[in-house]
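The values are calculated or read from the model by the stated rules, or taken from the named source; none is laboratory data. What you see is a predicted model; the values in this text were computed from it and never measured. Cβ placement follows ideal geometry from the backbone for every residue including glycine, while neighbour counts extend to all protein chains displayed. For accessibility, only protein heavy atoms count, side chains too; no ligands or nucleic acids. Shrake-Rupley method; radii C 1.70, N 1.55, O 1.52, S 1.80 Å.
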Amino acid sequence: MLDNYERKTVHIWAFVLKETGTLIGRGGIFHLNEPMQSTELGYAIASSQWGKGLAAEAMQPIVDYCFRELDCNRLEGKCNADNIGSARVMEKLGMSYEGLLRKQLKIKGVFTDQKLYSRIRDDL
């Protein structure tokens, strides 16, 4: 993880509850492509915290960081096709649905469809 951070290809932040400091998840950017000014967002939140708007709240500063500090033109995010909650997080972040990536990711030996979302600088 530290090697990726030093190469500036992956940036991960911990998500903690403001009230207690309890770790509830993580999020960040992956596959930073500086020449193309693009990156991919990713996040995970403890299931006990789902449905509270915390993922979008925690990811918004990361989205802002990508556009302001990293000078990104395009952000992408993917989620399992049946993950309504994760799709909703990306929509709350101002991302637009681009399409279905059929059998794009192998999870526990099974290929799954992924929804692709994006936000570009022009959307600001």
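Residues that are in a helix (DSSP H, G or I) and not acidic (D, E) were ranked within the stretch 91-124; the one that is farthest from R68 (Cα to Cα) is K92.
Each row is one residue, and each column tells you yes or no for (1) at pLDDT 90 or above; (2) surrounded by 14 or more Cβ atoms within 10 Å (Cβ to Cβ); (3) within 16 Å of the chain's Cα centre (by Cα).
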| site | (1), (2), (3) |
| --- | --- |
| M1 | no, no, no |
| R7 | no, no, no |
| A14 | yes, no, yes |
| T20 | yes, no, no |
| R26 | yes, yes, yes |
| P35 | yes, no, no |
| L41 | yes, yes, yes |
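What number of residues in the stretch 29-54 are in contact with a Leu (Cβ under 9 Å, 6 or more places away or on another chain) and more than 14 Å from R74 (Cβ to Cβ)? Quick ask: steps written out before the conclusion?
Step one: filter the stretch 29-54 for residues in contact with a Leu (Cβ under 9 Å, 6 or more places away or on another chain), giving 29-30, 32, 34, 37-41, 45-46, 49, 54.
Retained after the next criterion (residues that are more than 14 Å from R74 (Cβ to Cβ)): 45-46, 49, 54.
Adding up the residues that qualify gives 4.
Only residues that are part of a loop (DSSP other than H, G, I, E, B), surrounded by fewer than 21 Cβ atoms within 10 Å (Cβ to Cβ) and in contact with a strand residue (DSSP E or B) (Cβ under 9 Å, 6 or more places away or on another chain) were counted in the stretch 71-90, giving 4. So for the stretch 104-115 (the condition being over 21 Å from A58 (Cβ atoms), open to solvent by less than 80 Å² (accessible area, probe 1.4 Å), out of contact with any His (no Cβ under 8 Å at 6 or more places or on another chain) and hydroxyl-bearing (S, T, Y)), does at least one residue qualify? Checked the stretch 104-115: at least one residue is over 21 Å from A58 (Cβ atoms), open to solvent by less than 80 Å² (accessible area, probe 1.4 Å), out of contact with any His (no Cβ under 8 Å at 6 or more places or on another chain) and hydroxyl-bearing (S, T, Y). Within the stretch 68-124, the only residue that satisfies the criterion of being closer than 23 Å to E34 by Cα, modelled with pLDDT of 95 or more, among the aliphatic types (A, V, I, L, M) and more than 12 Å from the chain's Cα centre (by Cα) is I120. Tallying residues that are open to solvent by 30 Å² or more (accessible area, probe 1.4 Å), of a type in the set (F, W, Y) and assigned to a helix (DSSP H, G or I) within the stretch 49-70 yields 1. Each residue in the stretch 92-104 was checked for being within 24 Å of L54 (Cβ to Cβ) and in contact with a strand residue (DSSP E or B) (Cβ under 8 Å, 6 or more places away or on another chain), and 5 of them qualify.
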